[in-house]
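K.L.:
Sharing a structure with you now.
The values are calculated or read from the model by the stated rules, or taken from the named source; none is laboratory data. Keep in mind it's a predicted model, so treat the numbers as computed, not measured. Positions of Cβ are generated from backbone atoms using ideal geometry, with glycine treated the same way; all protein chains shown enter the neighbour counts. SASA here: full protein model, heavy atoms, side chains in, ligands and nucleic acids out. Shrake-Rupley method; radii C 1.70, N 1.55, O 1.52, S 1.80 Å.
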Amino acid sequence: MDIDFTDIEYLKNPDSITLKADFQQFLLSLDVPTIIDITGINTHKTRVITTLLHGNEPSGLIAIHRWLTQDSELPTPETNIRIIIVSVEAANASPRLSRRYLTNGLDINRCFGSHLDHGYFKRANLIAKAIADVKPEAVVDLHNASGSAPAFAVSTLISTRCLSLASFFCDTIILSSLSLGTLTEQNFDCPTVTIECGGAKDEQAHTVAFQGIKALADCPDLDLYQQKNPVDIVYKPLRMKLKSHVELTYADQDEGNSGVTLSNKIEQFNFGSARKGQMFGWLDEQGLDNLELINEAGANVINDFFTTRENQLVCATHLRIFMATTNIEIATKDCLFFVVNMPSTDSI
Ligand SMILES: [Zn+2]
């Protein structure tokens, strides 16, 4: 497929014929990244919602479609809302909504803020410009976690407004200093958060996205808004990665595989913390040398967080992990999970 990386479609206050009967038909009617502008009561302010940067993470699209079509008329938000549906080609590639990005393509959420200006980098630059053009007062980027998980927010900065924004959707925000080239690392002069709505196939994740969008749209003044619920702040998680060329498998028992074998129940730890001594999987004779956990100073601190018990991989301390997945491609290319140290008084 030849992609025109400069092409963006604009829809303003689309009618029900344009929005189609359901989100699948609507998605099929789109060819390229699509911007939907909805006029609000206060037209001097605009809030931006981006979604489908990853073509296999549909909660944002499902929720946006639900919000736009729930009544016979379009909703009237308190401010203008600019919605940006990004990786339309990847989402529409067969089987639909199964590809994070196109084969031979790039993950666009690693292409922002680059000085490069071709292909996916060009597209990322144009998306960032479409956000900056409206001088947004908030930017929310909706994703799904790669495994089953409760919703949480991620931001590179924690402010009261970021916490308020996160509280529309969830009760945990991760302060991330990771520099990956994501959309929400970019500075739009306003609170900017990523929301990981939960698993891509979880109805609950679509509901989280829908309720959050509705609350954001219905909020007259973000500065006066009191957080809907308290939001836990988690500071600077590290990425647990395989060293290069290490093999990864998932199993429910030790099968003597080479490299790393993670428990196929690893996703359950996304829902809480893991205590010292908790077993996560099995290692070959290379032990912890198969893995790396790089801190901000660039040092491998794997031994501060994990240890071995015979050939088992176990927690050396109380931890909280996020975004554990049994999707082998994501785990291998991206990371196995994110990890932070927890106070020892924390309960599971
Ligand atoms: Zn994503």
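K.L.:
Which condition does GLU57 not pass, out of (1) away from the ligand (no atom under 16 Å from the Cβ); (2) within 18 Å of PRO95 (Cα to Cα); (3) of a type in the set (Asp, Glu), if it passes all the others?
P.N.:
Here GLU57 clears every test but (1).
K.L.:
Within the bounds of the stretch 202-213, is there any residue that is at pLDDT below 95 and under 17 Å from VAL340 (Cβ atoms)?
P.N.:
No; the residues of the stretch 202-213 include none that is at pLDDT below 95 and under 17 Å from VAL340 (Cβ atoms).
K.L.:
Specify which of the listed residues (PHE188, PHE210, PHE269) is outside the structural domain of ARG47 (by TED's automatic domain parsing) and at negative phi.
P.N.:
PHE269
K.L.:
Given the conditions (1) within 16 Å of the ligand (Cβ to nearest atom); (2) touching a helix residue (DSSP H, G or I) at 6+ places or on another chain (Cβ under 6 Å), which single one is not true for VAL154?
P.N.:
Here VAL154 clears every test but (2).
K.L.:
For LEU97, state whether it is under 17 Å from LYS129 (Cα atoms), within 14 Å of the ligand (Cβ to nearest atom) and in a loop (DSSP other than H, G, I, E, B).
P.N.:
No.
K.L.:
For the stretch 110-121, which positions are more than 16 Å from HIS54 (Cα to Cα) and crowded, with 16+ Cβ neighbours inside 10 Å?
P.N.:
Correct list: GLY113 only.
Per-residue answers, yes or no, for (1) modelled with pLDDT of 95 or more; (2) crowded, with 24+ Cβ neighbours inside 10 Å:
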site	(1), (2)
ILE131	yes, no
VAL134	yes, no
HIS143	yes, yes
ILE158	no, no
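K.L.:
Which of the following residues is out of contact with any strand residue (DSSP E or B) (no Cβ under 7 Å at 6 or more places or on another chain), within 30 Å of LEU163 (Cβ to Cβ) and among the polar types (S, T, N, Q): SER148, SER98, SER94, SER114?
P.N.:
Exactly one of SER148, SER98, SER94, SER114 is out of contact with any strand residue (DSSP E or B) (no Cβ under 7 Å at 6 or more places or on another chain), within 30 Å of LEU163 (Cβ to Cβ) and among the polar types (S, T, N, Q), namely SER114.
K.L.:
Here is a follow-up. Within the stretch 74-85, is there a residue that is in contact (Cβ under 8 Å) with a residue 24 or more places away in the chain and within 16 Å of the ligand (Cβ to nearest atom)?
P.N.:
yes
K.L.:
Considering only residues that are open to solvent by less than 20 Å² (accessible area, probe 1.4 Å) and of a type in the set (A, V, I, L, M), which ones fall in the stretch 94-109?
P.N.:
ILE108
K.L.:
Shifting gears a bit: Evaluate the following for ILE302: is it touching a helix residue (DSSP H, G or I) at 6+ places or on another chain (Cβ under 6 Å) and under 21 Å from LEU175 (Cα atoms)?
P.N.:
Against the criterion (touching a helix residue (DSSP H, G or I) at 6+ places or on another chain (Cβ under 6 Å) and under 21 Å from LEU175 (Cα atoms)), ILE302 qualifies.
K.L.:
Only one residue in LEU242, LEU216 is modelled with pLDDT of 95 or more, touching a strand residue (DSSP E or B) at 6+ places or on another chain (Cβ under 9 Å) and not assigned by TED's automatic domain parsing to the domain that holds GLU57. Which one?
P.N.:
Sole residue among the options that is modelled with pLDDT of 95 or more, touching a strand residue (DSSP E or B) at 6+ places or on another chain (Cβ under 9 Å) and not assigned by TED's automatic domain parsing to the domain that holds GLU57: LEU242.
K.L.:
Any residue in the stretch 271-299 that is under 18 Å from TYR250 (Cα atoms) sitting within a Cβ distance under 9 Å of a residue that is among the aromatic types (Phe, Trp, Tyr) and not in a strand (DSSP E or B)? List the pairs, counting only those 6 or more apart or interchain.
P.N.:
GLN278/PHE269; PHE280/PHE269
K.L.:
May I ask you to list the residues in the stretch 157-182 that are within 16 Å of the ligand (Cβ to nearest atom) and over 15 Å from GLY198 (Cβ atoms)?
P.N.:
Across the stretch 157-182, the qualifying residues are SER176, LEU178, LEU180, GLY181, THR182.
K.L.:
Another question about this same structure. Taking SER148 and the conditions (1) within 23 Å of LEU336 (Cα to Cα); (2) open to solvent by less than 10 Å² (accessible area, probe 1.4 Å); (3) touching a residue at least 60 places away in the same chain (Cβ under 8 Å), which numbered condition does it fall short on, given that it satisfies the others?
P.N.:
Condition not satisfied by SER148: (2).
K.L.:
Sticking with this structure for a sec: Could you tell me which numbered condition ASP218 fails, if it satisfies all but one of (1) in contact with a Gly (Cβ under 9 Å, 6 or more places away or on another chain); (2) open to solvent by 60 Å² or more (accessible area, probe 1.4 Å)?
P.N.:
Here ASP218 meets the rest and fails (1).
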